[in-house]
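Here the structure comes first, spelled out in structure tokens, and everything after it is commentary.
The values are calculated or read from the model by the stated rules, or taken from the named source; none is laboratory data. Just so we're clear, the structure is a prediction, and the values are computed from it rather than from any experiment. Cβ: placed from backbone, ideal geometry, glycine included. Neighbour counts: every protein chain shown.
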Amino acid sequence: MKNKICLITGATSGIGKATAIELARLGFDLILTGRNEFKGKEISDSLIKKNKIKSEFIKCDISSLKDVRNLADIIRSKYDHLDVLINNAGSRFNDYQKSIDGIELTFATNHLGHFLLTYLLLDLLKKSGEARIINVSSSAHYGKQIDIDDLVNPKNYNRSLVYGRSKLANVLFTYEFERRNTSSNISINALDPGGVATNFARNDGFVSWLKHISYYIIKRQLLTPKQGAETVIYLASSSDVKGVTGKFFYKKKEIKSSDESYDEEIAKKLWVLSEKLCSIT
Ligand SMILES: NC(=O)c1ccc[n+]([C@@H]2O[C@H](COP(=O)([O-])OP(=O)(O)OC[C@H]3O[C@@H](n4cnc5c(N)ncnc54)[C@H](OP(=O)(O)O)[C@@H]3O)[C@@H](O)[C@H]2O)c1
């Protein structure tokens, strides 16, 4: 993996941080992003010290389209190619909030920012010998449907519905990207990491966080961040999945995602809406 360059969004905590630690151990050079500059730099510096790699942290609020464009500009000015893009940053919110661009915050954070980032880094990915894009989705996408007209400004805010739809958007984006992909060197896959003991849901307070992890503790399925990162690391680095693309993974195995995620009409509509919101012509 020497000299392979990997960008991880949401690398300051949980699954993203655990992924960064393992990929650094494998010899990847890293670009880490997140909103918390102090934490990000600390993680990046410690990875440089422990491993013979290059690493840097670049601050970016992925829910802000301006921030995403700025991040992409910095990366494009410093790097001539990108081998792995891990779209991992994600959140869930108890209450309805809007991004700085006026877009419902879960959708803006979990889907739209990553859609734009991927678009803006396509040229760099095309310059890699073998590029991989990995979208961190969730089992929360199962049983959800997307109402295209309700994504930007949902009429009745329901935390689980909105979060599940954003994670379904991750899978629809993965499959639609693959249908449109004309670069044989780029593969794209999505995954469900399982229930993981991270800071997920902590933004809504201790009780929300406790409820989230208790659900998996009761099912005896709670994973450590290291365990939760295993499928991400597998998709980023394993030769087993070289050339495998447009698939959904759980526990390092390809599985079926929800029926809705294979709906090509919805995927196209989501793509068109995302382009419009990102002012991509
Ligand atoms: N934990 C689970 O049980 C579980 C289950 C299924 C799927 N997932 C998915 O796994 C992914 C990682 O979550 P996690 O469990 O590792 O949670 P986490 O510990 O809360 O980590 C989330 C990461 O995303 C970053 N982030 C959140 N909002 C951001 C924003 N607006 N801009 C930039 N970065 C942002 C956070 O960084 P900053 O706060 O520094 O910005 C942090 O690094 C998410 O996509 C989540 O949906 C998690």
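May I ask you to list the residues in segment 232-251 that are outside any strand (DSSP E or B), in contact with a strand residue (DSSP E or B) (Cβ under 9 Å, 6 or more places away or on another chain) and more than 11 Å from the ligand (Cβ to nearest atom)?
Tyr234, Leu235, Ala236, Ser237, Val241, Lys242, Gly243, Val244, Thr245, Gly246, Lys251
Taking only pairs six or more apart or across chains, which ones have beta-carbon atoms under 9 Å, a first residue in segment 147-172 that is in contact (Cβ under 8 Å) with a residue 12 or more places away in the chain and among the charged types (D, E, K, R), and a second residue that is assigned to a helix (DSSP H, G or I) and more than 16 Å from the ligand (Cβ to nearest atom)?
Filtered contacts from segment 147-172: Arg165/Asp150.
Given the conditions (1) of a type in the set (A, V, I, L, M); (2) under 30 Å from Leu172 (Cβ atoms); (3) crowded, with 23+ Cβ neighbours inside 10 Å, and given that Ala72 satisfies all but one, which numbered condition is not satisfied?
The one condition Ala72 does not meet is (3).
Among Ser274, Ser257, Ser261, which is over 16 Å from the mean Cα position of the chain (by Cα), of a type in the set (Gly, Ala, Ser) and assigned to a helix (DSSP H, G or I)?
Every option except Ser261 fails the conditions.
What's the number of the only condition in (1) part of a helix (DSSP H, G or I); (2) closer than 25 Å to Leu125 by Cβ that Thr106 fails to meet?
(2)
Name the residues in segment 203-242 that are charged (D, E, K, R) and on the phi > 0 side of the Ramachandran plot, would you?
So the first thing to find is which residues in segment 203-242 are charged (D, E, K, R), and the list is 204, 211, 219-220, 226, 230, 240, 242.
Within segment 203-242, just Arg220 meets the criteria.
So which residues in segment 225-242 are in contact (Cβ under 8 Å) with a residue 60 or more places away in the chain and surrounded by fewer than 17 Cβ atoms within 10 Å (Cβ to Cβ), if there are any at all?
Listed by number, the residues that qualify are Lys226, Lys242.
Identify the single condition in (1) crowded, with 23+ Cβ neighbours inside 10 Å; (2) near the ligand (Cβ under 9 Å from one of its atoms) that Asn36 does not satisfy, given that it satisfies every other one.
The number of the failed condition is (1).
Determine, yes or no, whether Ser183 is at negative phi, touching a helix residue (DSSP H, G or I) at 6+ places or on another chain (Cβ under 8 Å) and polar (S, T, N, Q).
yes
Condition test on Ser208, is it over 18 Å from Gln97 (Cα atoms) and within 16 Å of the ligand (Cβ to nearest atom)?
Spelling it out, it is not the case that Ser208 is over 18 Å from Gln97 (Cα atoms) and within 16 Å of the ligand (Cβ to nearest atom).
Within segment 22-31, does at least one residue satisfy the condition of being outside any helix (DSSP H, G or I), buried (at least 24 other Cβ atoms within 10 Å of the Cβ), in contact (Cβ under 8 Å) with a residue 60 or more places away in the chain and more than 9 Å from the ligand (Cβ to nearest atom)?
Checked segment 22-31: at least one residue is outside any helix (DSSP H, G or I), buried (at least 24 other Cβ atoms within 10 Å of the Cβ), in contact (Cβ under 8 Å) with a residue 60 or more places away in the chain and more than 9 Å from the ligand (Cβ to nearest atom).
If you scan segment 109-142, which residues turn out to be under 12 Å from the mean Cα position of the chain (by Cα) and either closer than 24 Å to Tyr234 by Cβ or part of a strand (DSSP E or B) (or both)?
Answer for segment 109-142, where residues must be under 12 Å from the mean Cα position of the chain (by Cα) and either closer than 24 Å to Tyr234 by Cβ or part of a strand (DSSP E or B) (or both): Asn110, His111, His114, Phe115, Leu117, Thr118, Ile133, Ile134, Asn135, Val136, Ser137, Ser138.
Conditions (1) within 22 Å of Leu120 (Cα to Cα); (2) of a type in the set (S, T, N, Q); (3) out of contact with any Leu (no Cβ under 8 Å at 6 or more places or on another chain); (4) modelled with pLDDT of 95 or more, marked per residue:
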position	(1), (2), (3), (4)
Arg179	yes, no, yes, yes
Ile188	yes, no, yes, yes
Gly194	no, no, no, yes
Pro225	no, no, yes, yes
Ala236	yes, no, no, yes
Ser239	no, yes, yes, yes
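Out of Gly129, Gly164, which single residue is modelled with pLDDT under 95 and either surrounded by fewer than 24 Cβ atoms within 10 Å (Cβ to Cβ) or within 12 Å of the ligand (Cβ to nearest atom) (or both)?
The match here is Gly129.
So Phe200 passes all but one of these: (1) loosely packed, with under 14 Cβ neighbours inside 10 Å; (2) touching a Gly at 6+ places or on another chain (Cβ under 7 Å). Which condition number does it fail?
Tallying (1) loosely packed, with under 14 Cβ neighbours inside 10 Å; (2) touching a Gly at 6+ places or on another chain (Cβ under 7 Å), Phe200 fails exactly one: (1).
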